[in-house]
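Written below as structure tokens is the structure these notes are about.
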Amino acid sequence: MPTSRRTLLKTSAAAAAAFSLDWTRAQAQAETVRIGLIYDLTGPFAAGGSVASSIGAQIAIDLVNEKGGIGGKYKVAPIAADSQSKPDVAINEANRLIDQEKIDIINGVYASSHAVPLAAKVEQQKKILWITTAVSTAVFKDKNLQYVFRAQIHSDQYGQAFAGFISEHAKAKLGMEPKDVKVALIHEDGPYGVGVAAADEAYSKEAGLQVVLREGYSASAPDLSVLVTKLKRARPDVISHAGYNPDITLFLRQARENGLKFKMLFGAGAGYSQLDKLRATFAADIDNFCNIDPVPAQLLDASKLAPGIGDLTKIMVARYKEKTSATDVPPHCSMGFNQTWVLLNSVLPVAKEKYGGFDPEAIRKAALDVDIPPGGTIQGYGVKFYRPGTPLSGQNERSTPVVMQNAGEHISVVWPTNIRTQDPVFPLPKSSVYAA
């Protein structure tokens, strides 16, 4: 055989092998859906619930992949990013995921101070931002977002629950008319805290409660003794506190040291949902504090939910405990899991089958098709997103929070009354170090 022919055949064989390898890689890539996960894996927000959310999201991804992937065909490949509890890092990481990793879908976001700028950034680039955890209503309010979605509750709903609980129980539990109940609203001064406090104030006034103090502070403040002094002067019956883990710890410690007394304290998720961490610092001092947030899935009565939801919750709880050795599974795990599960099971399969792919436009259309009735998710609420052109476009209109109470080393649901698992202890018992 002439040398030139042998060379040609070898070259052709090498080219064919290379083509075959490239085709195999292309097929593998075509069968994989790459999703960016942005959470605070380090910094103060990590312990405040962000890591728990990221674990919940990963459990959802693992379960889907174990069943063959999205629609049983397309494996999910998560690309993790650590926003380090800093808004500028969150934006830089989103840019990296979009520009360098060529990611079309970003899932996660714990802090509202990150969610507000990220939503604007991702919307501008017409990529999908699927928010699992951040709650500020300001993320969506009057923005007419098209590519940003949140099945999670929003901060206005915290105010509704806060005022609703007090109005319902003031007479029977406190022996007071709602108009005589004095409330103080304290909050970190980012979008999360400001949004919760604004909602608390609006709904408290609507219910006729007396708002005697509204005070913001920096979440990184080294001293909150002035805030404690203002609260002592205002003498509220009830305090609502929207804060993260480090500032909550500082506040409660200085409140105890300075003899601040009250009938009840309501947290607003975030650091107050990290019961293990608060209990490690304050032990029984935080017994009977209330907390408003989406419910930890394991607290719901599975018989009132859609078939199979209770079993799904058990798997999530078991895997979280296995991964973390935690005794209590925080609400943030359910948030990360629930929102990711909706994306992977109710949105992406429809995007592929009905709209032809996993591109942002197909996902956007599929998200607007979602219609999960109440009881259809592990957190009890349904999912249907407000349409474009409405004030909260992209927000779930069926999301609902609950009021929980620290019942010893566990959490109970005390409001709404129709799904409560315990009658609320209200006011704090005299044995509490904070009891008025």
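The values are calculated or read from the model by the stated rules, or taken from the named source; none is laboratory data. None of these values were measured; they are calculated from a predicted model. Please note: Cβ atoms are built from the backbone with ideal geometry, for glycine as well, and neighbour counts cover all protein chains shown. Heads up: the accessible areas ignore ligands, DNA and RNA and are worked out on the full protein's heavy atoms, side chains in. Shrake-Rupley method; radii C 1.70, N 1.55, O 1.52, S 1.80 Å.
The figures follow:
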{"read-out": "Residues being of a type in the set (Val, Ile, Thr) and open to solvent by 20 Å² or more (accessible area, probe 1.4 Å) - total across region 357-378", "value": "1"}
{"read-out": "Every residue from region 154-169 that is open to solvent by less than 10 Å² (accessible area, probe 1.4 Å) and not in a helix (DSSP H, G or I)", "value": "SER155"}
{"read-out": "Set PRO416, PRO429, PRO401: member being open to solvent by less than 50 Å² (accessible area, probe 1.4 Å) and closer than 25 Å to ARG235 by Cα", "value": "PRO429"}
{"read-out": "Cβ-Cβ under 6 Å pairs, at least 6 apart or on other chains, region 311-323 side more than 16 Å from MET335 (Cα to Cα), far side surrounded by 20 or more Cβ atoms within 10 Å (Cβ to Cβ) and of a type outside the set (D, E, K, R)", "value": "LYS323/ILE55"}
{"read-out": "Contacts under 8 angstrom Cβ, first residue in region 57-68 being of a type outside the set (Gly, Ala, Ser), partner open to solvent by 20 Å² or more (accessible area, probe 1.4 Å) and not in a helix (DSSP H, G or I), 6 or more apart", "value": "GLN58/PRO78; ILE61/PRO78; ASN65/LYS75"}
{"read-out": "Members of region 255-266 found to be in a strand (DSSP E or B) and over 23 Å from LYS173 (Cβ atoms), listed by number", "value": "none"}
{"read-out": "Yes/no for ALA318 being in a helix (DSSP H, G or I), within 19 Å of HIS410 (Cβ to Cβ) and out of contact with any strand residue (DSSP E or B) (no Cβ under 9 Å at 6 or more places or on another chain)", "value": "yes"}
{"read-out": "Residue within region 282-292 that is under 22 Å from the mean Cα position of the chain (by Cα) and not hydrophobic (A, V, I, L, M, F, W, C) present", "value": "yes"}
{"read-out": "Single residue of region 170-213 satisfying the filter (basic (Lys, Arg) and within 22 Å of PRO401 (Cβ to Cβ)) that is surrounded by the fewest Cβ atoms within 10 Å (Cβ to Cβ)", "value": "LYS205"}
{"read-out": "Long-range neighbours under 9 Å by Cβ, at least six apart or interchain, first residue of a type in the set (Gly, Ala, Ser) within region 174-191, second in a strand (DSSP E or B) and open to solvent by 60 Å² or more (accessible area, probe 1.4 Å)", "value": "ALA184/ARG214"}
{"read-out": "All positions within region 267-277 that are free of Cβ contacts under 8 Å to residues at least 40 places away in the same chain and in a helix (DSSP H, G or I)", "value": "TYR272"}
{"read-out": "Residue that is nearest to ILE419 (Cα to Cα) [pool: residues in region 296-315 that are outside any helix (DSSP H, G or I) and open to solvent by 50 Å² or more (accessible area, probe 1.4 Å)]", "value": "ASP301"}
{"read-out": "Subset of region 138-153 that is open to solvent by less than 10 Å² (accessible area, probe 1.4 Å) and not in a loop (DSSP other than H, G, I, E, B) - its residue that is farthest from GLY382 (Cα to Cα)", "value": "VAL139"}
{"read-out": "Long-range neighbours under 8 Å by Cβ, at least six apart or interchain, first residue under 22 Å from GLY190 (Cα atoms) within region 224-247, second among the aromatic types (Phe, Trp, Tyr) and surrounded by fewer than 21 Cβ atoms within 10 Å (Cβ to Cβ)", "value": "LEU224/TYR217; LEU227/TYR217; ASP247/TYR217"}
{"read-out": "Some residue of region 327-344 being open to solvent by less than 10 Å² (accessible area, probe 1.4 Å) and in contact with a Lys or Arg (Cβ under 8 Å, 6 or more places away or on another chain)", "value": "yes"}
{"read-out": "Enumeration of residues in region 381-418 that are β-branched (Val, Ile, Thr) and in contact with a strand residue (DSSP E or B) (Cβ under 6 Å, 6 or more places away or on another chain)", "value": "VAL383, VAL402, VAL403, ILE411, VAL413, VAL414"}
{"read-out": "Scan of region 47-72 for residues that are out of contact with any His (no Cβ under 9 Å at 6 or more places or on another chain) and at pLDDT below 95, ordered by number", "value": "ALA47, GLY71, GLY72"}
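Residues are listed down the side, and each one gets a yes or a no for (1) in contact with a Gly (Cβ under 7 Å, 6 or more places away or on another chain); (2) farther than 30 Å from HIS410 by Cβ; (3) in a helix (DSSP H, G or I):
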{"residue": "HIS332", "(1), (2), (3)": "yes, no, yes"}
{"residue": "GLU361", "(1), (2), (3)": "no, yes, yes"}
{"residue": "ARG364", "(1), (2), (3)": "no, yes, yes"}
{"residue": "THR377", "(1), (2), (3)": "no, no, no"}
